[in-house]
1. From the list 164, 220, exactly one residue is modelled with pLDDT of 90 or more, of a type outside the set (Val, Ile, Thr) and under 27 Å from residue 143 (Cα atoms). Which is it?
2. Search the stretch 239-250 for residues that are modelled with pLDDT of 95 or more and among the small types (Gly, Ala, Ser) and pair each with any residue that is part of a loop (DSSP other than H, G, I, E, B) and crowded, with 17+ Cβ neighbours inside 10 Å when their beta-carbon atoms are under 8 Å apart and the residues are at least 6 apart or on different chains.
3. Just to verify a result, which residue in the stretch 223-251, among those that are surrounded by fewer than 15 Cβ atoms within 10 Å (Cβ to Cβ) and polar (S, T, N, Q), is farthest from residue 207 (Cα to Cα)?
4. Only residues that are out of contact with any Asp or Glu (no Cβ under 7 Å at 6 or more places or on another chain), farther than 21 Å from residue 176 by Cβ and in a loop (DSSP other than H, G, I, E, B): list them for the stretch 224-259, please.
5. Yes or no: the stretch 196-214 includes at least one residue that is touching a residue at least 40 places away in the same chain (Cβ under 8 Å) and in a helix (DSSP H, G or I).
6. Confirm whether residue 157 is of a type outside the set (Ser, Thr, Tyr), more than 42 Å from the chain's Cα centre (by Cα), modelled with pLDDT of 90 or more and over 17 Å from residue 252 (Cβ atoms).
7. For the stretch 178-195, name all the residues that are among the hydroxyl-bearing types (Ser, Thr, Tyr) and assigned to a loop (DSSP other than H, G, I, E, B).
8. In the stretch 187-215, which residue that is surrounded by 13 or more Cβ atoms within 10 Å (Cβ to Cβ) and under 18 Å from residue 249 (Cα atoms) is farthest from the chain's Cα centre (by Cα)?
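The values are calculated or read from the model by the stated rules, or taken from the named source; none is laboratory data. Worth saying up front: this structure is predicted, and the values here are computed from it rather than measured. Cβ: placed from backbone, ideal geometry, glycine included. Neighbour counts: every protein chain shown.
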Amino acid sequence: MRSVATHYRIYKDRFLLALSLSILAHIALFFIYKSLPMPEKKVVLRPISLGVLQQENIQPNIIESSTNTSQPQTETTQNKPTPQQKTTKKNTATITQPQTPPSTDIDLQSLSIPQNTGEFNPFASPKPSLTQELKRQADNANFDKLPQKIRNDLLQLYGTELQNMSKEEKDYLAESYFLNGEVFQKTADRMGYPQLAIYLKQQGVGLIEFVLYPDGHIENVKILQSTNAEALDDSLRLLIEQSAKSLKRPPKPITIRVRGNYNLRMQ
């Protein structure tokens, strides 16, 4: 019995000694681990998943096909628990919402563009362009230098035909107005009042037209407005024929109109 008791005591002592040494060793290792410097945490940068980038560029037709292919999968997963079904519905909902690209249309109403609110008139004459306006001013340079009274007289004689004349024709009318007028007046003073018209006490205003050529001869003499007296109309024709050679020569054939005013002065 003594030998068994001694062996048990020795085994117990050895076990306690081994346990205490093990505990001390663990405690020592723990303190050694705590005393060591902590390692620095490394930050790992992960690239963006390609699936996210591709999801932003999914076209509507691709999304529809993906939803169609996902329908049988959802049917097969109906037997699964409800939380998984909710998550799949959320995912499909997020996928089926296509991102609309920014509009490239231009809203003309938002731009400050002046718009013509007036009614369209098909009979209205178009406004001249800048070049046409500059050309008109150049063509009328000499004509515009005339006094207003003379310009009004020429406008009454030629009317709208004056606007269609070339620059040479307008320049001739402007430069020869006073000279030709003096020639006509001298010829009329030399001819005097027609005797038959004096006897019949005839008077009136007539308008005559003729074409003057550069060599001084005239053609196409015609009465545009009669004086209502044959003697006065004949006198007006003779006045033009006798004055033709003394008129200012035009650079090209030009139509000239002359107004004759016959008045009797009663004494």
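1. On the way: 164 fails: modelled with pLDDT of 90 or more.
Unique residue meeting the criteria: 220.
2. none
3. Among them, the one singled out is 246.
4. Matches in the stretch 224-259: 228, 229.
5. Our first condition is that a residue be touching a residue at least 40 places away in the same chain (Cβ under 8 Å); within the stretch 196-214, this holds for 197-198, 201-213.
Narrowing the set further to residues that are in a helix (DSSP H, G or I) leaves 197-198.
Looking for residues that are touching a residue at least 40 places away in the same chain (Cβ under 8 Å) and in a helix (DSSP H, G or I), one finds at least one in the stretch 196-214, hence yes.
6. Numbers: of a type outside the set (Ser, Thr, Tyr): yes; more than 42 Å from the chain's Cα centre (by Cα): yes; modelled with pLDDT of 90 or more: no; over 17 Å from residue 252 (Cβ atoms): yes.
Against the criterion (of a type outside the set (Ser, Thr, Tyr), more than 42 Å from the chain's Cα centre (by Cα), modelled with pLDDT of 90 or more and over 17 Å from residue 252 (Cβ atoms)), residue 157 does not qualify.
7. Residue satisfying the conditions is 193 alone.
8. Within the stretch 187-215, the match that is farthest from the chain's Cα centre (by Cα) is 187.
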